Amino acid sequence: MNIENVKSQMRKGMLEYCILLLLRREPAYASDIIGKLKDARLIVVEGTLYPLLTRLKNDGLLGYEWVESTQGPPRKYYRLTELGERILVDLEQSWRELNETVDHLTNN
């Protein structure tokens, strides 16, 4: 078993959920998303994040708006759509169920 591969797959599986959780609080610029994930010890690089944000946008879970910046070109701020909010509620329920399952298996 390649433990690093398993850990990588676990992180990838949580990444979409974590991004939606962050964007529930407030719209965010991609660099801010990377920083917040890093603060939570989930390291993500731009090459991973941007395609994921695009896919979530194309799936209707995210929207964005351009905001003028005092330090260069306008920035794209991502936000949850109504569909994104509904999907996040479903993901939260799935996370609770999965967490209960792991806790049960860990404690028995």
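Relative to the longest principal axis of the Cα atoms of the chain, helix 30-39 runs at roughly 30 degrees.
Summing Cβ point charges (Lys, Arg +1; Asp, Glu -1) relative to the Cα centre of the chain gives a dipole of roughly 300 debye. Just want to confirm a number: the relative contact order over the chain, from Cα pairs under 8 angstrom separated by 6+ residues, in percent. Reported relative contact order: 26 percent.
Against the main long axis of the alpha-carbon atoms of the chain, helix 3-25 sits at an angle near 50°.
Working note: 222 nm ellipticity from helices only, DSSP H runs with n ≥ 4, each -39,500 (n - 2.57), summed and divided by the residues of the chain, gives -22500 deg cm²/dmol to the nearest 500. Along the axis of the charge dipole computed for segment 1-59 (Cβ charges of +1 for Lys and Arg, -1 for Asp and Glu, origin at the Cα centre), the listed residues V6, V44, N58 are led at the positive end by V6.
FYI, it's all coordinate maths here, none of it is from the lab. It should be emphasised that the depicted structure is a prediction, and the values quoted were computed from it without experimental measurement. Cβ sites come from the backbone with ideal geometry, for glycine too, and all protein chains shown count toward neighbours.
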